[in-house]
Amino acid sequence: MTTLSAEQEAMVALFQRHVDAELAGDLATTMATMTDDPHLNHVASMAGGVGRDGVLAFYRDHLVGRFFPPDVTMTNVSRTVGQDQVVEELVLSFTHTKAVDWILPGVAPTGKRVEVAVVVIAGFKGGKISHEHIYWDQASVRRCAVRKARARCSTRSCRHAGCDGYKTANPPTCPRP
């Protein structure tokens with residue numbers, strides 16, 4: 001196990017403060033953790049913002065205080081800390097009880113459970129978050145929310161795990177090729 005430097009510990013603490021503020025609906029604190037010229041990209045849906053005004057507008061209009069249903073959880077799977085970024089793998093779980101246009105654009109609330117593996121790459125400059133690039137499997141999210149089909153995982157293949165695909169993050173339930 002590697003010991004983190006003081007700078008790395010500070011990045012992890014700032015990133016956690018950022019995520020906690022998002023979950024609490026605290027837009028001012030969320031933005032205070034970011035540089036003057038950040039960018040945010042939810043890669044699977046291409047939602048986000050560029051520059052302080054763009055990121056602020058996205059957070060204000062689509063995420064902070066708007067997205068998270070009461071039962072949302074983010075379960076950490078792993079974290080890798082470099083010199084100027086934190087990479088976090090997590091499982092995002094929620095019941096689709098309200099419109100969530102950044103992750104399910106155009107899908108009205110279905111009341112179905114959504115659980116998806118997500119990877120967040122947070123970059124840092126000058127002691128603040130300069131960017132977030134957030135990845136997930138959009139097909140699995142839509143499948144969970146719209147059809148909630150059973151996993152299609154067998155002992156021979158795991159081409160599309162559907163809405164149970166997040167389980168491959170921790171602990172593995174699908175065979176490795």
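Please treat every number below as a calculation from the coordinates, not as lab data. Remember, predicted model here, so these are calculated numbers, not experimental data. Cβ placement follows ideal geometry from the backbone for every residue including glycine, while neighbour counts extend to all protein chains displayed.
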**Report entry** Reachable aspartates and glutamates, given that their alpha-carbon falls under 14 Å from the alpha-carbon of Lys112 and they are not under 8 places away in the same chain
**Finding:** Asp71, Asp164
Report summary line: For Asp26, Asp20, Asp36, ascending order of other Cβ atoms within 10 Å (fewest first) is Asp36, Asp20, Asp26
